[in-house]
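Let me begin by presenting the structure, written as structure tokens, before commenting on it.
The values are calculated or read from the model by the stated rules, or taken from the named source; none is laboratory data. Every value quoted in this text rests on a predicted model; they were computed, and no experiment measured them. For neighbour counting, all protein chains shown are included, and Cβ atoms are generated from backbone atoms with ideal geometry for every residue, glycine included. Heavy atoms of the whole protein, side chains included, go into the accessibility calculation; ligands, DNA and RNA do not. Shrake-Rupley method; radii C 1.70, N 1.55, O 1.52, S 1.80 Å.
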Amino acid sequence: MSYVKRHLPYGKHSVESDDISSVIDVLENQFLTQGSVTPKFERALCEYTGAGFAVAVNSGTSGLHIACLAAGIKSGSLVWTVPNSFVASANCALYCGADVDFVDIDPSTRNISIEALSRKLQLASENDALPDALVVVHFSGMSSPMREIRALTQPYGITVIEDAAHALGGTYDGKPIGCGIFSDFVVTSFHPVKSITTAEGGAVLTNDKTRYEQLRLFSSHGITKDRSKMLSTDPEPWLYEQHLLGLNYRLSDVHAALGLSQLTKLDKFVEKRRQIAAEYFAQLAHLPLILPVREALDESAWHIFVVEVENGKRRSVFQHLVDKGVGGNVHYIPIHLQPFYQRLGFRAGSYPHSEKYYENAITIPLFPDMTADDITYVVTMLEEALS
Ligand SMILES: *Cc1c(COP(=O)(O)O)cnc(C)c1O
């Protein structure tokens, strides 16, 4: 059979005319930023996830940074995360002057290995080298085992930050990811390839009011205009006070308007993603590929679908896909193998499961607007590449 060549990215936003109208509305409004739309988006995020508080920011990376700052991460602190993530999961700790270390993944879920975490915590507690925070990544949209992570970290008072950049719209233990009851902070991203988009953007969710207030300060110069919080006993009407060294990580109302409109479609998008994942499971079963775990089919937000191609064939299969217009990608090059992290002293061989997984991984296209023909096309190109 011959096919007309397609051009499929690995991920893509769906922006519809009502999304566009809501952005135009804001552009015609008085406030492009610091108006009422961003707070409305924050309340909608709380409503969707069940979290008590949300701070919208200009990227997921900014969200990870202020979560670390609000957790008190600073020079001399230690933060652990997984190698199998985007560099931002580790960089956020370095921004605060802290040190980073990694915990290997479970090769079946590709999420943090509970066994490795347990072993590393035991060792660290014996050597008085426990981390101050753990950044947990919900790889591909499937939650890490938060109950187990909570049970392991709580005795040591370790702050848990969920990097839920892949996972908004997913569930864990019957609750929306982002509800924040299993951790101290949940960070998500609204980059166009993620579950919903604001172009660039992100949010931090928490159930703790004090942490929320810290997040808010760090996201906006450390400045408060809340008169009840001011040190001045007789604040002039124009007064604002800077209480700590914050950043300008605010999300504009223009971006928030897109997010607010997109959020109403989140369940629809994730449902589409699940259907596509289910199709892949059905249509790829006969091929010599390692597929994602299927158990979380109805819980995962299915940000990405990663197949593993063994026996050193990953590169040729990837190339065939690219040649046929199937936008491949690889999630992720282990963070510790990046030249920058090598300069910090990390070495290949330290996290064998992440490294072996990486050698075989290919992310195939998955986005809500994919058609049945698109799926068949991807499967056919994989069949060709593997024959
Ligand atoms: C996308 C992503 C981020 C960063 O989000 P941005 O909004 O692009 O800054 C962080 N962690 C993971 C796992 C991501 O996929």
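Computed over protein heavy atoms with a 1.4 Å probe, the accessible surface of the stretch 165-257 works out to 44 Å² per residue. Here the stretch 113-271 exposes an accessible surface that is 52 percent carbon and sulfur, computed with a 1.4 Å probe and the other protein chains kept in place.
Remark: relative contact order (the chain) = 23 percent; criterion is Cα-Cα distance under 8 angstrom and separation of 6 or more residues. Of all DSSP bridge pairs formed entirely within the chain, close to 60 percent run antiparallel. When THR233, THR371, THR153 are compared by accessible area of protein heavy atoms, the largest-first order is THR233, THR371, THR153, using a 1.4 Å probe. Solvent exposure of HIS331, expressed as accessible area, is near 10 Å², computed with a probe of 1.4 Å over the protein chains only. Put simply, when 275-283, 290-298 are sorted by average Cβ atoms within 10 angstrom per residue, most first, you get 275-283, 290-298.
Within the chain, which complete DSSP H helices have Cα atoms spanning at least 20 Å along the helix axis and a mean Kyte-Doolittle hydropathy of 1.0 or higher? Please list the in-between numbers first.
Working: long enough: 266-284 (26 Å, -0.44); 372-386 (21 Å, 0.62).
Span-like helices here: none at all.
Take the alpha carbon gyration tensor of the chain, find the square roots of its eigenvalues, order them as a ≥ b ≥ c, and report rounded if a/c is under 1.5; if not, report prolate when a/b exceeds b/c, else oblate.
oblate
Peptides 186-193, 345-352, 38-45, ordered by how many other C-beta atoms sit within 10 Å of their residues on average, highest first, read 186-193, 38-45, 345-352. When the chain is treated as a Gaussian network with alpha carbon springs shorter than 10 Å, the biggest mean-square fluctuation among LYS229, LYS265, LYS12 belongs to LYS229.
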